[in-house]
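Participant: Below is a structure I'd like to ask you about.
The values are calculated or read from the model by the stated rules, or taken from the named source; none is laboratory data. Not measured: the values here are computed from a predicted model. Note that each Cβ is placed from the backbone with ideal geometry, even for glycine, and that neighbours are counted across all protein chains shown. To get the accessible areas, we keep the full protein, side chains included, count just its heavy atoms, and leave off ligands, DNA and RNA. Shrake-Rupley method; radii C 1.70, N 1.55, O 1.52, S 1.80 Å.
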Amino acid sequence: MLAMTSSSDTPFLESVERRRPGTSLRGYVTRTLPHSSAIVVANRAPHEPRPEGGFTRGAGGVITALLTLAEVAGADWVACARTDGERALIEEHGTTWNAPLIRTETRLHYATPTPEQYEQYYSVISNPVLWFVQHYLWDLANQPVINGRIHRAWNNGYVEVNKQMARKVVEVARGLPGRPLVMVHDYQLYLVPKLVREQLQGAIIQHFVHIPWPTPQYWKVLPREMRDAILHGLLGCDIVGFQTSLDVRNFLMTCEENAGLAVDEREKAVLVDGRVVYARAYPISIDVASTTRLAYSHGVMVEERKLRDWRPEHLIVRIDRTDPSKNIVRGFLAYEKLLAHHPELKGRVQFWAFLQPSRQDVAVYRNYVRKVRQTVQRINAQYGAQGWQPIRLELGESVRKAMAAMRNFDVLVVNSVYDGLNLVAKEGALINRSDGVIVLSENVGAHEELQPHILSVNPFDIEATANAMHQAIVMGIDEKRRRNEGARDVVRTSDIARWITRQVQDIRDLAAAPGLRAG
Ligand code: G6P
């Protein structure tokens, strides 16, 4: 099997040296990839119009990371028009505008599916089907039922929107100088790499899968036509990036088992149509400098002052989108056990769940919010007493409030059923200032890196989760500090710059070896 010298195992210090001290990440990227024009391709745009006017940063940790990536790569950005606000602006200004990133701007190009096509792509296939498959969320004895509605949404929504996005990428790439470097993101856009490869044979194409990649057997929940299209769509890439080494292994097994392809386990590569496709793990991270700056900002201090007015002796925190994969209800059931087993904590502990409503146009997500509320009401009614509310549930979006919560937790609960990486765990590890302990699901990508410094739990076991919460509360200060510092060091040394430089080094190595790529 042909081999690319992979630098994905390059130690961080070495990659820092290769960046040369004093040079910016942007300088490093442009010097490393001098002949490429980069295009970031994502479902969401970097900033989106708000219904009440103005713009807001696209939701989710993925967008935050992509802002940095697009900025340092000087990339154009291809997104999908999702909302009426975006459609109205496109009507007025056309499909290409300048849009802000962090300090610089990008050329933003929109694909414009009809609202019906978007709905089928996003609300029927991407979230209720693909997200559920990849987070193992089905109750398989009953779900999913793949009926005509799903087949139609696949063809008229998912396949169609992917085609429109790929057409837009090709159009943009043809207008840029140099060799196109196309960086596609996440499960909404699995078909794009192959479609782009058919039109732009000399392009370097990478797809980064932000969520878990399940086992070959689990993919078989999907009809062959869908799972084959997903796999072959991704195999249009030169490199497929994942969050963990387990995802890489599962991907290689899926290629072998479900598509009968030749796989080289040692090189972590697949041979397809005479081309080599590499699978690599690049755990995503946060921008340490800007997250730290934000954590010390005036707005966060204001929120911290408010928090001091009601802060209990022991503050348990969770910050999540209201997504069934986050396992919010079991988190409350575990807390209920904690109160039942340790009545001495009543009145001295509070669980602050700061939750961001998510995907409320998808029925299963609306029902989940209802279940979360009902569980909180029941536990508060059963255990609450004399002005003490066991759970403080807040639904809303506020980065400052989330930061204040992360600076002050005694226990941070991240008990996802499965999770690609989970940036909340990394943000919490970096900015907590109260010797807090993280209770972390063993099925979260960040577990691979943070494991020695956190309390690991099986997310389905509410007794074990309750015990971990208790252990975190009663842990001695020295051990808390040791863990806290250990977790913080992991994030400091593996920050967003490392996520980017490792990918860029692999792309550079690939570009320098043109013989490896049959056109
Ligand atoms: C996760 C996914 C992203 C997604 C984000 C927000 O992080 O990996 O692709 O953008 O959630 O979800 P939404 O459906 O609101 O874009």
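Participant: Please list, ordered by first then second residue, the pairs with beta carbon atoms under 8 Å, 6 or more apart or interchain, first in segment 115-136 and not assigned by TED's automatic domain parsing to the domain that holds N155 and of a type in the set (A, V, I, L, M, F, W, C), second within 9 Å of the ligand (Cβ to nearest atom) and open to solvent by less than 20 Å² (accessible area, probe 1.4 Å).
Facilitator: none
Participant: Further question: Looking at (1) closer than 26 Å to A468 by Cα; (2) touching a helix residue (DSSP H, G or I) at 6+ places or on another chain (Cβ under 6 Å); (3) within 16 Å of the ligand (Cβ to nearest atom); (4) open to solvent by less than 10 Å² (accessible area, probe 1.4 Å), can you tell me which one P324 breaks?
Facilitator: (4)
Participant: Sort out for me the helices (runs of 4 or more DSSP H) sitting completely within segment 420-491 that have 2 or more residues that are open to solvent by less than 40 Å² (accessible area, probe 1.4 Å) and in contact (Cβ under 8 Å) with a residue 60 or more places away in the chain.
Facilitator: Filter on segment 420-491 gives 423-431, 462-474.
Participant: On to the next question. Given the criterion modelled with pLDDT of 95 or more, open to solvent by 10 Å² or more (accessible area, probe 1.4 Å), within 16 Å of the ligand (Cβ to nearest atom) and not charged (D, E, K, R), identify the matching residue among L195, L200, L191, L140.
Facilitator: L191
Participant: Go through the residues of segment 249-257 one by one and say whether even a single one is touching a strand residue (DSSP E or B) at 6+ places or on another chain (Cβ under 9 Å) and in a strand (DSSP E or B).
Facilitator: No; the residues of segment 249-257 include none that is touching a strand residue (DSSP E or B) at 6+ places or on another chain (Cβ under 9 Å) and in a strand (DSSP E or B).
Participant: Within segment 156-179, does at least one residue satisfy the condition of being open to solvent by 10 Å² or more (accessible area, probe 1.4 Å) and at positive phi?
Facilitator: yes
Participant: What's the number of the only condition in (1) within 25 Å of the chain's Cα centre (by Cα); (2) open to solvent by less than 20 Å² (accessible area, probe 1.4 Å) that V399 fails to meet?
Facilitator: So the condition that V399 fails would be (2).
Participant: Restricting attention to segment 12-61, which residues are modelled with pLDDT of 90 or more and within 15 Å of the ligand (Cβ to nearest atom)?
Facilitator: Across segment 12-61, the qualifying residues are V40, V41, A42, N43, R44, A45, P46, H47.
Participant: Okay, next question. Just give me the residues in segment 302-317 being open to solvent by less than 100 Å² (accessible area, probe 1.4 Å) and assigned to a helix (DSSP H, G or I), in sequence order.
Facilitator: Correct list: V302, E303, E304, L307, W310.
Participant: Of everything in segment 225-261, what is touching a residue at least 60 places away in the same chain (Cβ under 8 Å), open to solvent by 10 Å² or more (accessible area, probe 1.4 Å) and of a type in the set (A, V, I, L, M)? Give them in sequence order.
Facilitator: A229, L246
Participant: Further, regarding this structure: Filter segment 203-224 for residues that are without any contact (Cβ under 8 Å) to a residue 60 or more places away in the chain and closer than 15 Å to L130 by Cα; which is nearest to the ligand (Cβ to nearest atom)?
Facilitator: Once the filter is applied, the top-ranked residue is T215.
Participant: Turning to a different aspect of this structure: With farther than 26 Å from W352 by Cβ and over 18 Å from the mean Cα position of the chain (by Cα) as the only criterion, which of A487, A472, A466, A511 stands out?
Facilitator: A511
Participant: Next question, about the same structure. Count, please, the residues in segment 35-67 that happen to be open to solvent by 20 Å² or more (accessible area, probe 1.4 Å) and in a helix (DSSP H, G or I).
Facilitator: 3
Participant: Here's another thing I want to ask about it. Read through the list (1) over 30 Å from D506 (Cα atoms); (2) part of a helix (DSSP H, G or I); (3) within 15 Å of the ligand (Cβ to nearest atom); (4) open to solvent by 30 Å² or more (accessible area, probe 1.4 Å), then give the number of the only condition that A88 fails.
Facilitator: So A88 meets the others, but not (3).
Participant: On to the next question. Say we look at segment 343-365 and pick out the residues that are closer than 17 Å to E397 by Cα and without any contact (Cβ under 8 Å) to a residue 60 or more places away in the chain; which of these is surrounded by the most Cβ atoms within 10 Å (Cβ to Cβ)?
Facilitator: A353
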